[in-house]
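Comments concern the structure below.
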Amino acid sequence: MSIEDFLKGRKLLKKEIPSKYHSSLKKNKTILKEKTMIIEKEKVCCLRCNTTHLKKDCLISNKYETFYYCPECIGLGRVESKNYFYSVPDNHTEKRKIAFKWNGELTKDQKKISKNLVNYYKQEENHLIHAVTGAGKTEMLFELLKVALKKGHRVAVASPRVDVCLELHPRFQAVFPEESIALLYGKSKEKYRYTHFVVTTTHQLLRFREAFDLIVVDEVDAFPYAGNPVLEFGTQQALKTTGKLVYLTATPSEKLMEKIAKKELKYSQLAKRYHGYQLPVPTCHFDYFLASRLKKGKLPVFLINILKNQHRQCLLFFPNIERMKQCFQLLERLFPDKRIAYVYANEDLREEKIKKMRRKEIDWLLTTTILERGVTFPNVDVIIYEAHHRVFTQASLVQISGRVGRKKEFPTGDIYFLHSGKTKEINQAIQQIKMMNERAGFK
């Protein structure tokens, strides 16, 4: 790959560029070299993430040199005022032949959304798809992606969650079998290559500039994207000036709904799952001593009884790692015949354990909110321990509930909210699930 292709539509520090290209950075006139920061009297502004900091808070000074750095996007590699960004404009567009292989069929409602996606893209309008969990949002994207790729456009499907990207990539690769699809995330071992189709975490978009004609942000309401000005800036920066955005979510934020009200964003809604069954409604169970029981090495009788009669695989959600590990140890002692595991964001074997769960080599998988969305297991029940905890927002509770009954072969299942007092978030989540069922025609 040439240095031009490596830098096309990107915005990289020298240390992010392979050393074999370093000699070309000065010689090649197509490569743009730009400063990394704007330095003012008392503040500095990072030109990767657009955050402003007081000079005194980000100053590094020693007997050899003095410079500023950006603490906000340091996870992507430290931006320093003494360094430069290197990039090559990505302006070339040429129509292409696209191999498309999908034997599935959209429902009537899905076809309507799919048609809207294509039409609004052609009309150069940004678009929000508000569809319930399990509505088949990915399948509704296929036609839009095919149209964009045929035009020679460059597309990115981005998500705040790594697990979502890992699930989406093989699905897109199967549908576009001859397309080279890059998969970008923090711990990826895959070397970067220029492609027309990219599946990426939203953090990685900060390394692009005016690269994509179309960016689809899946799970736009998810942490850490929701309400994060850095990631929103990164998305806009990665979009070409003529590019368009599509947002996908089951739980749109007030901010997005305000944009719709102001007609800044086109809106399509799908209230029914693709298989035609209604969304399972959670069952609530009150136990005031949920937290203290775990500390004393005990489990609620209600939870033990649910698990004794558990015939499906089960996802158990916890508000933090400590509670999860406490429960894991107790469950291993109480149910020695069950295959039990746990995962969380920085757990080294997370990807492998999720694969094992899919292969049905794990019976019960304990997790933090990291698996609240984007992952599909065919036939599971869900239990949320301490559903009243502040980490379980309305959107989070709706998304977790949406893990149940996603497949046509297994369209039902049970969801249990174990709580020490119903919160507004619990009530609103259940209300939203029931409301979407009513809109879908269920009584």
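Each reported figure results from applying straightforward, stated rules to the coordinates on display, with no laboratory input. Remember, predicted model here, so these are calculated numbers, not experimental data. Cβ atoms come from the backbone with ideal geometry, glycine included; neighbour counts cover every protein chain shown.
Numerical summary
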| read-out | value |
| --- | --- |
| Semi-axes of the equivalent ellipsoid for region 200-259, Cα gyration tensor, largest first, Å | 19, 13, 10 |
| Around GLN269: net Lys/Arg minus Asp/Glu count, Cβ-Cβ under 11 Å | +2 |
| Considering only region 284-443, percent of DSSP beta bridges that pair antiparallel, nearest 5 | 5 percent |
| In Å, descending, principal axis extents of the Cα set of the chain | 71, 58, 42 |
| Calculated diffusion of region 161-201, Stokes-Einstein form, Kirkwood radius summed over Cα pairs, 4 °C and 1.567 mPa s, µm²/s | 124 µm²/s |
| Mean ellipticity per residue at 222 nm, deg cm²/dmol - from DSSP H runs of n ≥ 4 across the chain, formula -39500 (n - 2.57) | -8500 deg cm²/dmol |
| Estimated D of region 1-156 in µm² per second, where Rh is the Kirkwood radius over Cα pairs and Stokes-Einstein applies at 37 °C, 0.692 mPa s | 168 µm²/s |
| Under 23 Å between alpha carbons - lysine pairs in region 108-229 that sit 8 or more apart or on different chains | 24 |
| Dipole moment magnitude, nearest 20 debye, the chain about Cα centre, only Lys, Arg, Asp, Glu C-beta charged | 620 debye |
| Linear extension gain, LYS15 paired with LYS298, 0.36 nm per residue minus alpha-carbon span | 96.7 nm |
| With Cα atoms, 0 to 90° folded angle of helix 321-334 axis to the chain main axis | 40 degrees |
| Percent breakdown of C-alpha pair distances by 10 Å bin, ordered from the shortest bin, for region 287-432 | 11, 45, 37, 7, 0 |
| Over region 108-270: Kirkwood hydrodynamic radius from C-alpha pairwise inverse distances, Å | 15.7 Å |
| Percent of C-alpha pairs per 10 Å bin, region 289-328, short to long | 26, 57, 17 |
| Cα Rg over Rh - region 3-87, Kirkwood | 1.00 |
| Over region 103-250, relative contact order from alpha-carbon pairs under 8 Å, at least 6 apart, % | 29 percent |
| Fraction of antiparallel bridges per DSSP, the chain only, in percent to nearest 5 | 25 percent |
| Gyration tensor over alpha-carbon atoms, region 240-289, equivalent ellipsoid semi-axes in Å | 33, 17, 11 |
| Exposure proxy ranking, count of Cβ atoms within 10 Å, fewest first, for LEU315, LEU106 | LEU106, LEU315 |
| Cβ-based net charge around LEU290, under 12 Å, with every Lys or Arg adding one and every Asp or Glu removing one | +3 |
| Normalised contact order of the chain, rounded percent, pairs of Cα under 8 Å and 6 or more residues apart | 15 percent |
| Longest segment of the chain lacking GluC sites (Glu not before Pro) that sit in a DSSP loop with at most 10 other Cβ atoms within 10 Å | 191-408 |
| Within-15-Å neighbourhood charge of HIS92 [Cβ basis; K, R +1; D, E -1] | +1 |
| Those Cys residues of the chain for which no other cysteine Cβ falls under 4.7 Å | CYS45, CYS58, CYS165, CYS284, CYS314, CYS327 |
| Tail fraction, Cα-Cα pairs, region 124-188, threshold 14 Å, whole percent | 65 percent |
| Dipole axis of the chain (+1 Lys, Arg; -1 Asp, Glu on Cβ), positive-most option in GLY186, ALA387, CYS327 | GLY186 |
